[in-house]
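Participant: One structure is given below, represented as structure tokens, and several questions about it will come after.
The values are calculated or read from the model by the stated rules, or taken from the named source; none is laboratory data. Just so you know, these numbers come straight off a predicted model, no measurement behind them. Neighbour counts run over all protein chains shown; Cβ positions are idealised from the backbone, glycine included.
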Amino acid sequence: MAKSLTEMAAEIVQAQASHSSMSPEEMKELLEKVFFFFQGLKNKEEGVAEAGGAEGVAMDPKKSIKCNKVICLECGKEFKQLTNRHLKEHGLTTREYRKKYGFSARQPLSAKLLTAKRRKAAMDRNLGEVLKKAREKKAKKKA
């Protein structure tokens with residue numbers, strides 16, 4: 001009996017893990033990558049349209065934003081940050097992308113480490129207070 005895609009992917013990840021040390025998260029990501037690769041090959045072989053078409057990539061949107069990367073749910077490419085320039089290729093703005101995949105309007109479309117780094121830099125430079133003072137000054141001018 002033929003092996004399933006999951007079994008084949010698991011064997012490849014097991015072989016890779018036996019040659020180099022990998023964290024459980026790395027093994028999980030590699031397993032998903034290999035599985036989706038095999039699934040894509042199978043679809044091409046059978047002449048089925050790829051999942052990355054009009055429907056987007058079959059993935060939980062909340063899991064597309066990872067520690068070191070963010071995965072575009074339209075095409076499956078990996079980035080540090082999803083930009084307007086890239087989303088324009090799909091005919092979307094960041095606002096439309098967030099709405100389409102159920103992200104809040106304030107959710108950054110960047111890797112978690114990049115977001116944390118920017119947040120720390122803003123706190124170090126006390127940008128919150130600077131912004132608050134600027135808003136107060138602007139409100140006084142209007143009054």
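Participant: List the pairs whose first member sits in the range 113-124 and is closer than 23 Å to Ser64 by Cα and outside the structural domain of Lys80 (by TED's automatic domain parsing), whose second member is among the polar types (S, T, N, Q) and at pLDDT below 95, and whose Cβ atoms are under 7 Å apart, counting only residues at least 6 apart or on separate chains?
Facilitator: Listed pairs, sorted by first residue: none to list.
Participant: Something else about it: If we keep just the residues of the range 67-109 that are assigned to a loop (DSSP other than H, G, I, E, B) and among the polar types (S, T, N, Q), which is nearest to the chain's Cα centre (by Cα)?
Facilitator: Asn68
Participant: Output the residues belonging to the range 33-47 that are over 20 Å from the mean Cα position of the chain (by Cα) and either under 18 Å from Met8 (Cβ atoms) or modelled with pLDDT of 85 or more (or both).
Facilitator: Phe38, Leu41, Lys42, Asn43, Lys44, Glu45, Glu46, listed by residue number.
Participant: Of all residues in the range 18-32, how many are assigned to a helix (DSSP H, G or I), loosely packed, with under 14 Cβ neighbours inside 10 Å and either within 24 Å of the chain's Cα centre (by Cα) or assigned by TED's automatic domain parsing to the domain that holds Cys67 (or both)?
Facilitator: The qualifying residues number 3.
Participant: Further question: What residue, of Phe79, Phe103, is touching a residue at least 40 places away in the same chain (Cβ under 8 Å), aromatic (Phe, Trp, Tyr) and either more than 20 Å from Ala58 (Cβ to Cβ) or not assigned by TED's automatic domain parsing to the domain that holds Gly40 (or both)?
Facilitator: Phe103
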